[in-house]
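Here's the structure, in structure tokens; my notes come after.
The values are calculated or read from the model by the stated rules, or taken from the named source; none is laboratory data. Not measured: the values here are computed from a predicted model. Virtual Cβ from ideal backbone geometry, glycine too; neighbours counted across all protein chains shown. Keep in mind that these areas ignore ligands, DNA and RNA; they rest on the heavy atoms of the full protein, side chains included. Shrake-Rupley method; radii C 1.70, N 1.55, O 1.52, S 1.80 Å.
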Amino acid sequence: MRHESPHTPVTELYCDEFRRGPAYTTLRSRGGGDWLLIYTEAGSGHLVSPTANWNTKPGDAVLYAPGDPQDYSTAREAGNWHLLWAHFMPKPHWQMWLHWPVTEGGVRCLYFKKGGVRDQFRAAMLRMIRMSRREIPGAIDLASNALEEALLWANVVASKDPWLAMDSRVRKAVDYLVTNLREPFLLEKLATGSGCSVSRLSHLFKEQTGVSPQQFLERHRMQHACQLLRITSLGIAEVASEVGYDDAFYFTNRFRRYAGKNPSQFRKQAG
């Protein structure tokens, strides 16, 4: 006969990383009084709800709200379960990120496909755990910041944003372009970094974003230039340099085509 697992609700955050064998089990039929996030790193967990039961797989994350019955154990078939977990009380502005899809069994669950988002989520969870163990001022606040990042990445998955539907090679190219606005545009380098040929990347990129890689980069350069013109006192040549143009005259011509006015006019009207 299984017994109820003891648990005192946390006031802020408590987290850890477990590697558990077949004897591991937890039962809290009335929930835990705080939120619980469990991510399966490897192996498998067996989850039981009032209406269903199933086994987790690597990449699965489960979220229990206060009062949700918690009944989970190492899956018998796997014999081991490597999990990252956190008991926490959410900050008020986190509430919007906790609306995860609910399974037929009534449990909030997300699956992180292999790739960038899963890697970022895992990195944030591991950083949270490591930071929570540090004996430095503000360690729990820093761990909480890492948990916030993990929840934001989970929200990306929960939102089913079109960005997630992109081919992973296109997402890699997009991420590179928007984080390297100052770098010269080299399609061959972009294709190599994305893991495909120039022709294949050009086709996929245009198909999934509606523009070519160079057009995409220029649009983001101009959007950033608009922000710099609005909120800084940088000269036009300095703004041009910040967004990847060595020639201020050429930048001005491209900006005029984008915004319908030159940078000086734009700044004056924006002010």
Original post:
Using the Kirkwood radius built from alpha carbon pairs, what does the Stokes-Einstein equation give as D for the chain at 20 °C and 1.002 mPa s, in µm² per second?
Top reply: 98
Original post:
Using θ = phi - 60° and the Karplus curve 6.51 cos²θ - 1.76 cosθ + 1.60, what whole-Hz ³J(HN,Hα) does each residue of region 203-209 get, with Gly and Pro shown as x?
Top reply: 5, 5, 4, 5, 5, 9, 10
Original post:
When the Cα centres of region 129-169 and region 179-240 are compared, how far apart do they sit, in Å?
Top reply: 26
**OP:** Whenever you get a sec, compute what percent of the accessible area on region 24-76 sits on carbon and sulfur atoms (1.4 Å probe).
**Re:** 52
Original post:
Excluding same-chain residues fewer than 8 positions from K114, which lysines have a Cα within less than 21 Å of its Cα?
Top reply: K57, K160, K172
Subject >> Fraction of alpha-carbon pairs over 19 Å apart in region 52-140 - percent >> reply: 52
**OP:** Find, among the trypsin sites (Lys or Arg not before Pro) in region 14-74, those assigned to loop by DSSP (not H, G, I, E, B) with at most 12 other beta-carbon atoms within 10 angstrom.
**Re:** R30
Subject >> Inter-label distance, nm, simple model (7 Å from Cα along the C-beta direction), T11/L234 >> reply: 4.5
Original post:
Relative contact order of the chain: what whole-number percent is it, with Cα pairs under 8 angstrom and at least 6 residues apart?
Top reply: 13
Original post:
Which ³J(HN,Hα) values, rounded to whole Hz and listed in residue order, are derived for region 237-247 from phi using the Karplus coefficients 6.51, -1.76 and 1.60 in 6.51 cos²θ - 1.76 cosθ + 1.60 with θ = phi - 60°, glycine and proline given as x?
Top reply: 5, 5, 4, 4, 5, 4, 9, x, 10, 7, 9
Original post:
Taking a probe of 1.4 Å, how large is the accessible area per residue of region 70-125, in Å²?
Top reply: 49
Subject >> Residues of type lysines that K261 reaches as a straight line, Cα spacing below 29 Å, ignoring anything fewer than 8 places off in the same chain >> reply: K206
